[in-house]
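Before any comments, here is the structure.
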Amino acid sequence: MTGAPSLAPPPGEVAARVFADRLPFALHYAELLAGDAVKWGLMGPRELPRLWDRHLVNSALVTELLPPRVHVVDVGSGAGLPGLALVCRRVDLSVDLIESMQRRVDFLQRCIDALGISDVARVTHGRAESPLVRAEVGLNKWVTARAVAPLGQLASWCLPLLQADGRLLALKGAQAEAEVREHRQAILALGGEIEDVVRCGAKTGADATTVVVVRRR
């Protein structure tokens, strides 16, 4: 997008602090979200003023829960949140982006190519519950999901992608505690358990990202 006017708002101090030396990757990704993602109907134009705090920073803060040099499977990636935000912030991570809608798959691949991260990111076209998708991505230690489904349904899709003792990191908002109470027994029946509800980002000055941590037993 060199030479074209910026469509994305400036990142601000908090985003600059969160992404640090990886900010150029986040800036490039933000331009793709503000441009093609809006044009292709993957993000509403009303989301642009809060592109950084509500979407990019909110997603990237999940890296606080990920140890060094791990592979992550991101279920229902949509426009790449949180999956692409994770690798924008952390050079040591790799990610599989699972997405069922072709238009979103095309956008995700466009982002991977534009950011030059094909060595650490790939798109898997399909649904997480599909046997073909499960065979392609295998069993993993870490799975993420943001704004995909209620916690019980999400666990039914994601737990089969996890190794024993693997974790699902489900990004949830203000209703996280209520979802935990409602779906705890269903998750137990699926072979998982609610391990914790964590609020990431306290040391960055950002609004907290609430993550429900589900462990596969």
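Any residue that is among the small types (Gly, Ala, Ser), free of Cβ contacts under 8 Å to residues at least 24 places away in the same chain and loosely packed, with under 14 Cβ neighbours inside 10 Å - is there at least one of those in the stretch 168-177?
no
Quickly run through the stretch 1-36 and pick out the residues that are touching a Ser or Thr at 6+ places or on another chain (Cβ under 8 Å), hydrophobic (A, V, I, L, M, F, W, C) and either surrounded by fewer than 18 Cβ atoms within 10 Å (Cβ to Cβ) or at pLDDT below 95 (or both).
Residue satisfying the conditions is Val14 alone.
Looking only at the stretch 158-185, which residues are touching a strand residue (DSSP E or B) at 6+ places or on another chain (Cβ under 6 Å), of a type outside the set (D, E, K, R) and in a helix (DSSP H, G or I)?
Passing the criteria: Cys158, Leu159, Leu161, Ala176, Val180.
Could you tell me whether the stretch 38-45 includes any residue that is free of Cβ contacts under 8 Å to residues at least 12 places away in the same chain, in a helix (DSSP H, G or I) and not β-branched (Val, Ile, Thr)?
Scanning the stretch 38-45 turns up at least one residue that is free of Cβ contacts under 8 Å to residues at least 12 places away in the same chain, in a helix (DSSP H, G or I) and not β-branched (Val, Ile, Thr).
So Arg50 clears everything in (1) within 9 Å of the chain's Cα centre (by Cα); (2) free of Cβ contacts under 8 Å to residues at least 40 places away in the same chain; (3) surrounded by fewer than 24 Cβ atoms within 10 Å (Cβ to Cβ) except one condition, right? Which one?
Condition not satisfied by Arg50: (1).
Checking the conditions here, which among Arg46, Arg69, Arg17 is of a type in the set (D, E, K, R), at positive phi and out of contact with any Leu (no Cβ under 6 Å at 6 or more places or on another chain)?
Exactly one residue qualifies, and that residue is Arg69.
Please return the ranges of strands (runs of 3 or more DSSP E) entirely within the stretch 81-148 where 1 or more residues are crowded, with 23+ Cβ neighbours inside 10 Å and touching a Gly at 6+ places or on another chain (Cβ under 7 Å).
94-99, 140-146
For the stretch 170-210, name all the residues that are of a type in the set (S, T, N, Q), at pLDDT 95 or above and farther than 14 Å from Pro150 by Cβ.
Within the stretch 170-210, Thr209, Thr210 meet the criteria.
What about Val212, is it surrounded by 14 or more Cβ atoms within 10 Å (Cβ to Cβ) and either on the phi > 0 side of the Ramachandran plot or not in a helix (DSSP H, G or I) (or both)?
Taking the combined requirement at face value, the residue satisfies it.
The values are calculated or read from the model by the stated rules, or taken from the named source; none is laboratory data. All values derive from a computational prediction rather than experimental measurement. We place every Cβ from the backbone using ideal geometry, glycine too, and count neighbours over all the protein chains shown.
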